[in-house]
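What follows is a set of notes on a single structure, which appears directly below.
The values are calculated or read from the model by the stated rules, or taken from the named source; none is laboratory data. Being a predicted model, the structure only gives us computed values, none of them experimental. Ligands, DNA and RNA are excluded from the accessible area calculation, which covers all protein heavy atoms including side chains. Shrake-Rupley method; radii C 1.70, N 1.55, O 1.52, S 1.80 Å.
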Amino acid sequence: MKVKASTMIDKSLWAEIKKLATLSDKPAGRIAEVGLKLLLIIAKTGVPDDLGALLQVQDTELLNTLRELHEAWRSASNI
């Protein structure tokens, strides 16, 4: 189940989210959701030495999305 949520965030942070959304063809809301899920996992488990291993256990979909976002950002940086 999803709920509609709104909050105020810094304009520069939103600009970075929108840029990543454009580079990755993922909605900005999905990118924000990924960030919130990651924050909650770290808050619950502590800052891991190996984030990839933690996400492999906790949320593989989140891990795959992060990998896709990273690849899109990296590809754009190489242009």
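Tabulated results
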item	result
Some residue of the stretch 21-38 being among the small types (G, A, S) and over 12 Å from the mean Cα position of the chain (by Cα)	no
Single residue of the stretch 1-43 satisfying the filter (open to solvent by 60 Å² or more (accessible area, probe 1.4 Å) and among the basic types (K, R)) that is nearest to R67 (Cα to Cα)	K37
